[in-house]
Structure formats: structure tokens, C-alpha cells
Amino acid sequence: VGNITIDAQANDADVIIKVDDNGSAVTAVTFDGSDEGNALFVNDIKLISDSSVLSLGDGGDFTITHDGTTGATLAGNPITITSAVAATWSTSAGVLTIDGDDGITLQTSGSGNVTVNEILDITDATDASDATGDTGALRTEGGASIAKKLYVGTDLDVDGTAELDNITIAGAQG
């Protein structure tokens with residue numbers, strides 16, 4: 001017993017596998033001889049065992065692993081999601097980094113909130129004093145609610161009315 005070899009002898013010849021689907025001939029998969037044998041499937045590719053792994057790349061350096069119950073794990077760094085504008089997300093030492101050329105939108109699929117359970121650090125090298133909010137490090141168009149303390153490292157500029165129940169300035173309360 002040995003290997004079974006299907007060999008397309010002609011130059012750039014394809015290997016085509018056809019099946020019968022309820023009386024209709026269907027080309028299920030074509031191995032393209034003129035394109036390094038790339039497989040062209042007419043429909044889905046299914047890995048039907050729990051904990052199955054799809055490995056991609058010469059060294060299998062990107063994998064999609066079914067967890068055996070409800071989800072999947074993507075492994076590889078970085079993972080790039082492309083559209084008209086590039087965006088990437090990657091992890092390193094437990095830190096998730098999301099980078100988008102034209103910004104990042106975090107939203108829930110319903111009416112829920114985006115929740116940050118730890119400190120949210122916003123780092124921006126631009127001047128946050130622009131009254132339009134276009135260059136600031138933190139901007140909200142719907143107001144902000146701060147449940148505990150607000151720490152301001154340098155200047156606080158309020159355009160409009162500030163309603164304060166109690167204020168301490170340079171140690172004097174009033």
C-alpha cells in the first residue's frame with residue numbers, strides 16, 4: 001500500500017473533482033494547474049470535528065481553532081481586517097491593539113454600552129485646547145458623566161456655565 005497520486009500530465013492542466021448533486025453534475029473542487037495547484041471550491045469548506053484547526057501559512061503561523069463548544073480562537077499576530085481603509089488588531093502580552101487609518105468605532109450590537117473595566121488611557125500629541133474638539137485627546141458630543149473624581153493635569157477651560165456645589169481652589173474652599 002502506498003500513496004494515491006492523481007497526476008495531470010498536460011502543461012498547466014487542472015485536476016477537477018465532480019460530484020452528482022441530486023441528478024446535477026457539480027464541479028466540487030478544481031486544483032488549478034496554472035496557479036500552483038490552488039484549490040477552488042464551489043461552496044463551503046467544513047471542518048466538522050470539535051476542536052478542529054485550520055492552519056494557514058508556510059509554517060501554520062495563523063490558525064483558526066474551534067473550541068469544541070461555541071466559538072473559535074484566532075491565533076496569529078497581527079490579524080488584519082481590510083476594507084476600503086486598512087484596520088488592524090493584534091495582541092501582545094495580553095494587550096489588544098486596534099489601529100484604524102480613519103479612526104476606530106467601538107459599538108455594541110444593541111443598545112448596550114462599551115465598558116472599560118480598567119483605566120482608559122488616551123494619548124494624543126495634539127493640543128487639546130482646540131474649542132472645536134477636532135484636535136483634542138478626548139471629545140464627546142453627547143456629554144460626559146464622571147461618577148468619581150476628575151483630575152486635570154494642567155489647565156481647565158470651560159466654555160459656558162459651570163455648576164459646582166463645592167469647589168476648592170489653592171486650598172481655599174468656597
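Any read-out appearing in this document is the output of simple, stated calculations on the displayed coordinates, not a laboratory observation. Since this is a predicted model, take the numbers as computed values, not measurements. Reconstructed Cβ throughout: ideal geometry from the backbone, glycine too, with neighbour counts over all protein chains shown.
Given charges of +1 on the Cβ of Lys and Arg and -1 on the Cβ of Asp and Glu, with all other atoms neutral, how large is the dipole of the chain about its Cα centre, in debye to the nearest 20?
640 debye
When all alpha-carbon pairs of the chain are counted, what percent fall beyond 23 Å?
Numbers: 10571 of 15051 pairs.
Pairs farther apart than 23 Å: 70 percent.
Sorted by average packing, counted as other Cβ atoms within 10 angstrom per residue and highest first, what order do 73-79, 110-116 take? Display every interim value, and only then the final one.
Numbers: 73-79: 12.9, 110-116: 7.0.
Listed from highest to lowest mean packing, they are 73-79, 110-116.
Treating cross-link reach as a plain straight distance, find the aspartates and glutamates whose alpha-carbon is under 18 Å from the alpha-carbon of Lys149, omitting any fewer than eight places away in the same chain.
Glu118, Asp121, Asp157, Glu163, Asp165
For the stretch 14-81, what number results from the quotient of the Cα radius of gyration and 2.2 N^0.38 Å?
Working: Rg = 15.6 Å, N = 68, 2.2 N^0.38 = 10.9 Å.
That works out to 1.43 for the stretch 14-81.
With point charges of +1 on the Cβ of Lys and Arg and -1 on the Cβ of Asp and Glu, referenced to the Cα centre of the chain, which listed residue (Gly68, Gly57, Gly142) lies farthest in the positive direction of the dipole?
The residue sitting most towards the positive pole is Gly68.
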